[in-house]
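I have placed the structure first, in the form of structure tokens, so that the comments after it can refer back to it.
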Amino acid sequence: PAYLWPYSAYLAALHSSVKNAPTDRRTLEAYKKALEGLAAYDTGRNAVQGPGGRSYAASYGGRGDVYYDDNMWVALAYLDAYAVFGDPAYLTGARQTADYCSSGWDDVLGGGIYWCEKTKDTKNTCSNAPMVLVSVRLYEATGDRAYLEWAERIYNWTRENLRDPSDGLYYDKLDTAGTLY
């Protein structure tokens, strides 16, 4: 068992391997098996039981803290899998996970997605910028303009609130008191 964040990196590596060897049956099987392994992180909550969508915990077993940024990497993993296999279940997984990630947005600090579901004390670049990519890729996969509009909204908030205008680099986070780190 691994934490979800490195597990999502493992999925990304397998996706790259499949892109480089699309007919290698062993690699394809390993990729599918690893995608099935995401179920071990599923919190089991749905829109009725908790925040909207489908969420994955940082710890194997689906318990413990849930981080919005980790879930964004899961959504991207599902989108990668959809691109390879064309299975609509992967697109559904991406949409559900993106819905969960979107539930981390509120009007505190004028918008932005929190880093951690439990503490909700910072809005980080790592929990906003990847959601732009998720939303753009969902728009490309579905044609639903709401995803493109969401991507623009997140991008604009991230750029306005986390980018250092003096050098163009991005801060790590903005806490709810308004302090940049």
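Across region 1-34, the number of residues qualifying as part of a helix (DSSP H, G or I), more than 19 Å from TYR67 (Cα to Cα) and either touching a Pro at 6+ places or on another chain (Cβ under 9 Å) or free of Cβ contacts under 8 Å to residues at least 60 places away in the same chain (or both) comes to 15.
Of the set (1) surrounded by fewer than 16 Cβ atoms within 10 Å (Cβ to Cβ); (2) without any contact (Cβ under 8 Å) to a residue 60 or more places away in the chain, all apply to TYR90 but (1). In this structure, does ALA83 turn out to be open to solvent by 40 Å² or more (accessible area, probe 1.4 Å), of a type in the set (A, V, I, L, M) and under 16 Å from the mean Cα position of the chain (by Cα)? Answer is no for this residue. Only one entry of THR158, THR176, THR142, THR125 meets the criterion of being β-branched (Val, Ile, Thr) and open to solvent by 60 Å² or more (accessible area, probe 1.4 Å), and that entry is THR176. Screening GLU117 against (1) open to solvent by 30 Å² or more (accessible area, probe 1.4 Å); (2) without any contact (Cβ under 8 Å) to a residue 60 or more places away in the chain; (3) under 24 Å from ARG45 (Cβ atoms); (4) not aromatic (Phe, Trp, Tyr) leaves a single unmet condition, (2).
The values are calculated or read from the model by the stated rules, or taken from the named source; none is laboratory data. Just so we're clear, the structure is a prediction, and the values are computed from it rather than from any experiment. Here Cβ is always computed from backbone atoms with ideal geometry, including for glycine, and neighbour counts include all displayed protein chains. With ligands, DNA and RNA removed, areas are computed over all heavy atoms of the protein, side chains included. Shrake-Rupley method; radii C 1.70, N 1.55, O 1.52, S 1.80 Å.
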